[in-house]
């Protein structure tokens, strides 16, 4: 499976999103997160898919197994390429998620990639210990969550690029690491804490990188996207 750059379309309206995407001749892989999905609903997914883009629907489901399973069955009908849950929901929830996603996938179509969030890239070691009461090092926590994710039958995890090596070492290179917290050199980190550049993420073994403001807030988003692809994919 080839590496790819996913653009985080963290916009608040369909109009803003379409204006951004219309700048691109090719059809980049895009992430639709909570802000855009909650503003526009499922129709935004259908429209962007109809325009030829692959879609990572980033809703991070986290609820009781029955609810997540039913929700995934519905999301499968949107024909997205990737979606996710929170690993903290436990193995039973993740097993229900992949079962629902499989049941909702149309006959003859490939099931969307299902990944699980380990720890948010905005979470640091201090918050892990003081607020979440988890006292192991971040890398160990992510690796432990990832092992549970794989055992539940999912395809990979969302983690920082910094944790990709340990995840792949423990669980194999076919187990995907989808890594946000990626910025071009010199760009502001914003609210992210565990960050790298696209080139560093490639070196660390990320399978997909999710890039937001380094592309969406750039003076020339197309040029910024192409730079990310050169650093990460070539």
Practice prompt. Could you look through the stretch 193-233, keep only residues that are outside any helix (DSSP H, G or I) and surrounded by fewer than 19 Cβ atoms within 10 Å (Cβ to Cβ), and pick out the one that is modelled with the lowest pLDDT?
Written response: 193
Worksheet, complete the sentence: Of those in the stretch 73-91 that are assigned to a helix (DSSP H, G or I) and in contact with a strand residue (DSSP E or B) (Cβ under 7 Å, 6 or more places away or on another chain), the residue farthest from residue 104 (Cα to Cα) is 87
Fill in: Single residue of the stretch 131-169 satisfying the filter (assigned to a loop (DSSP other than H, G, I, E, B) and under 19 Å from residue 5 (Cβ atoms)) that is nearest to the chain's Cα centre (by Cα)
159
Fill in: Test: residue 68 is under 21 Å from residue 120 (Cβ atoms), part of a helix (DSSP H, G or I) and in contact with a helix residue (DSSP H, G or I) (Cβ under 9 Å, 6 or more places away or on another chain)
yes
Worksheet item: Checking residue 34 against (1) closer than 24 Å to residue 179 by Cβ; (2) surrounded by 14 or more Cβ atoms within 10 Å (Cβ to Cβ); (3) in contact with a strand residue (DSSP E or B) (Cβ under 7 Å, 6 or more places away or on another chain), which test does it fail?
Response: (2)
Worksheet item: Got a sec? Which of 184, 176, 154 is over 24 Å from residue 127 (Cβ atoms) and free of Cβ contacts under 8 Å to residues at least 60 places away in the same chain?
Response: 184
Worksheet item: Quick one: would you say residue 114 is buried (at least 17 other Cβ atoms within 10 Å of the Cβ), without any contact (Cβ under 8 Å) to a residue 12 or more places away in the chain and under 24 Å from residue 208 (Cα atoms)?
Response: no
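Matching residues to (1) over 21 Å from residue 177 (Cβ atoms); (2) touching a residue at least 24 places away in the same chain (Cβ under 8 Å):
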site	(1), (2)
8	no, yes
12	yes, yes
22	yes, no
30	no, yes
38	yes, no
49	yes, yes
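The values are calculated or read from the model by the stated rules, or taken from the named source; none is laboratory data. Note that this is a predicted model, so its numbers are computed, not measured. Note that each Cβ is placed from the backbone with ideal geometry, even for glycine, and that neighbours are counted across all protein chains shown.
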